[in-house]
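K.L.:
One structure coming up, written as structure tokens, with questions to follow.
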Amino acid sequence: MKLLSFLTRRGSAPVARERLQIVLAHERALNGSSGDLVRILQEEILAVVARHVKIERDMVQIKLDRGDSISTLEIDIHMPGEVVSVI
Amino acid sequence: MAKVLVVTSGKGGVGKTTSTAALGAALAQGGQTVVVVDFDVGLRNLDLVMGAERRVVFDLVNVIQGDAKLAQALIRDKRVDTLSLLPASQTRDKDALTPEGVARVIAELREKFDWVICDSPAGIERGATLAMRHADLAVVVTNPEVSSVRDSDRIIGLLDSKTERAERGERMEKHLLLTRYDTGRANRGEMLKTEDVLEILSIPLLGIIPESQEVLRASNIGSPVTLSSPDSAPGRAYFDAARRLRGEVVPVAAPDEKRGLVQRLFGRRVA
Ligand SMILES: Nc1ncnc2c1ncn2[C@@H]1O[C@H](COP(=O)(O)OP(=O)(O)OP(=O)(O)O)[C@@H](O)[C@H]1O
Ligand SMILES: [Mg+2]
């Protein structure tokens, strides 16, 4: 562990650079444009689900991991128990 | 019972965000449930220091304005599962934080966590006063330098007058965290010494965090220093400070003088 952390110790600046590039690219893309994609997705997903099931806002959980070329969006929808059996 | 802690300073750039992340992580590493809350609306940085910047979906302002539930905005740390982050928003609207909204969010956080740690923005304006408003105790982050000490004195005045506790006539617990401390320079009389700062501000000392490259490295890689370098001098100093916050009596060790000498001899090139 110690040796490994010693060897990897040298360059933390490149990591910082890469993290900044990713987060700034996303922030700049949002600036000016009114639509925050995640917000829109959440609203639309809520609307679709609500058409079939009675659902509360906080039953949709969105997790995001922004990447360089690919970002992943994880969407958890908590359905009331009896609904699942109906469908 | 939950404790709400504000990390504040008046002066900018003294180490509030660094200390929020490190103390929050240290408490969580010790098994406490902790949320760190970024109050620096418009200039959020705690997400970067915690390494969660890619995962921000909703923020404090979204929760206050009802666009998201608290549970949707909280980001669970991937390394320590008792640690969470509530990010600030990047909005330029200064009135995005309402006193009622902040009160509601803090009350809700109190139910979920042992510690609610609020990272205050610099200054003495709205953002800073809202961050301290509901605190049970405060960590006043100070650098051993005249303007920082003066600003800390003003913040102590606000803590004793503008907080809910103060208005109820209760005592506000305040702790001094001396950061970016350079023993060599203090000994050479180039920097205020710990005793000087303590005498002037007269609040108890929570810890002395030495100036260290480990802090820069930690922020580069997006990790609280207590996680990335727990055995480093600043890492150990933050762990000790966290234990003191929990009421343990831990003697304050002045940052090692020999280390100061070594740094003086070999650290020149870096400086
Ligand atoms: N002990 C330390 N040793 C070396 N550098 C440090 C130390 N503490 C903080 N710093 C550096 O000082 C700078 C400011 O720190 P930080 O962002 O934590 O301050 P802040 O008080 O939150 O600032 P602001 O008022 O802008 O919110 C950062 O670059 C940080 O890495
Ligand atoms: Mg800060």
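The values are calculated or read from the model by the stated rules, or taken from the named source; none is laboratory data. These numbers were taken from a predicted model, which means no experiment stands behind them. Here the Cβ positions follow ideal geometry from the backbone for every residue, glycine too, while neighbour counts run over all protein chains shown. With ligands, DNA and RNA removed, areas are computed over all heavy atoms of the protein, side chains included. Shrake-Rupley method; radii C 1.70, N 1.55, O 1.52, S 1.80 Å.
K.L.:
Could you tell me what percent of the DSSP beta bridges with both partners in the protein assembly as shown are antiparallel, to the nearest 5?
P.N.:
Numbers: 8 of 36 bridges.
Rounded to the nearest five, the antiparallel share is 20 percent.
K.L.:
In this model, which of B:LYS16/B:LYS193; B:LYS69/B:LYS174; B:LYS94/B:LYS193; B:LYS94/B:LYS162 are farther than 26 Å apart at the alpha-carbon?
P.N.:
Details: B:LYS16/B:LYS193 20 Å; B:LYS69/B:LYS174 32 Å; B:LYS94/B:LYS193 37 Å; B:LYS94/B:LYS162 19 Å.
Distance filter (> 26 Å) returns B:LYS69/B:LYS174; B:LYS94/B:LYS193.
K.L.:
Which distance in nm do the two modelled labels at A:GLN21 and B:ASP196 give, with both placed 7 Å along the Cα-to-Cβ direction?
P.N.:
Calculated label separation equals 4.4 nm.
K.L.:
Considering only DSSP beta bridges where both residues belong to chain B, give the percentage that are antiparallel (nearest 5). Walk me through the numbers on the way to the answer.
P.N.:
Numbers: 2 of 30 bridges.
Bridges in chain B are about 5 percent antiparallel.
K.L.:
Could you provide, to the nearest whole Å², the per residue accessible area of chain B with probe 1.4 Å? Don't skip to the answer; put the middle values down first.
P.N.:
On the way: 11990 Å² over 271 residues.
Value returned for chain B: 44 Å² of accessible area per residue.
K.L.:
Mind checking the mean number of beta-carbon atoms from other chains within 10 Å of the Cβ atoms in B:46-54? Kindly include the intermediate steps, with their values, before the conclusion.
P.N.:
Values: counts 0, 1, 4, 0, 0, 2, 1, 8, 11.
For this peptide, the per-residue mean of nearby foreign Cβ atoms is 3.
K.L.:
Let me ask something additional. Please work out the C-alpha center-to-center distance from the range B:32-102 to the range B:179-227 and express it in whole Å.
P.N.:
Here the two parts' Cα centres lie 27 Å apart.
K.L.:
Indicate the helices, whole DSSP H runs only, in chain B that combine a mean Kyte-Doolittle hydropathy of 0.0 or more with a Cα extent along their long axis of 15 angstrom or more. It would help to have the intermediate numbers written out before the result.
P.N.:
Values: long enough: B:16-29 (19 Å, 0.42); B:99-112 (20 Å, -0.36); B:146-159 (20 Å, 0.44); B:233-245 (18 Å, -0.50).
Span-like helices here: B:16-29, B:146-159.
K.L.:
Let me ask another. Once ligands and nucleic acids are excluded and a 1.4 Å probe is used, how much of B:VAL6 is accessible, expressed in Å² to the nearest 10?
P.N.:
0
K.L.:
On to the next question. Using +1 on the beta carbon of Lys and Arg, -1 on that of Asp and Glu, and nothing else charged, what's the dipole of the protein assembly as shown about the Cα centre, debye to 20? Intermediate results must be reported in sequence, preceding the final value.
P.N.:
Details: 50 positive and 49 negative charges, 215 e Å.
The calculated dipole for the protein assembly as shown is roughly 1040 debye.
K.L.:
Using 0.36 nm per residue, how much length does the chain from B:ARG104 to B:ARG185 gain when fully extended, once their Cα-Cα distance is taken away? Working shown, then result.
P.N.:
Numbers: separation 81, 0.36 × 81 = 29.16 nm, distance 4.52 nm.
Extending this stretch completely gives an extra 24.6 nm.
K.L.:
Using amide H atoms built in the peptide plane, which far-off residues or other-chain residues are under 5 Å from B:CYS118 H to H?
P.N.:
So B:CYS118 has HN proximity to B:LEU5, B:VAL6, B:VAL7, B:VAL37.
K.L.:
Another one. Does the range B:1-144 come out rounded, prolate or oblate, given a ≥ b ≥ c as the square roots of the eigenvalues of its C-alpha gyration tensor, rounded meaning a/c under 1.5 and, failing that, prolate meaning a/b above b/c? Walk me through the numbers on the way to the answer.
P.N.:
Details: a/c = 1.26, a/b = 1.02, b/c = 1.24.
Note, shape of the range B:1-144 comes out rounded.
K.L.:
Let me ask another. How big a patch of accessible area, both sides summed and in Å² to the nearest 100, lies buried between A and B at a 1.4 Å probe? The partial results should precede the final answer.
P.N.:
Values: alone 7680 and 13080 Å², together 18560 Å².
So the total buried area for this chain pair works out to about 2200 Å².
K.L.:
Carbon and sulfur together cover what percent of the accessible area of chain B at a 1.4 Å probe radius?
P.N.:
On the way: 5840 of 11990 Å².
That fraction is 49 percent.
K.L.:
A further question on this structure: Report, largest value first, the span of the C-alpha coordinates of the protein assembly as shown along each principal axis, in whole Å.
P.N.:
Between the extreme Cα coordinates on each principal axis of the protein assembly as shown lie 75, 55, 39 Å.
K.L.:
Is the range B:1-41 best put as rounded, prolate or oblate by its Cα gyration tensor, with a ≥ b ≥ c the root eigenvalues, rounded for a/c under 1.5, and otherwise prolate when a/b is larger than b/c, oblate when not? Could the numbers behind the result be given before it?
P.N.:
Working: a/c = 2.43, a/b = 1.77, b/c = 1.37.
Prolate.
K.L.:
Are there any residues in the range B:206-250 with a reduction of at least 30 Å² in accessible surface when going from the isolated chain to the assembly of protein chains? Probe 1.4 Å, please list them by number.
P.N.:
The answer is B:ARG217, B:ASN220, B:ILE221.
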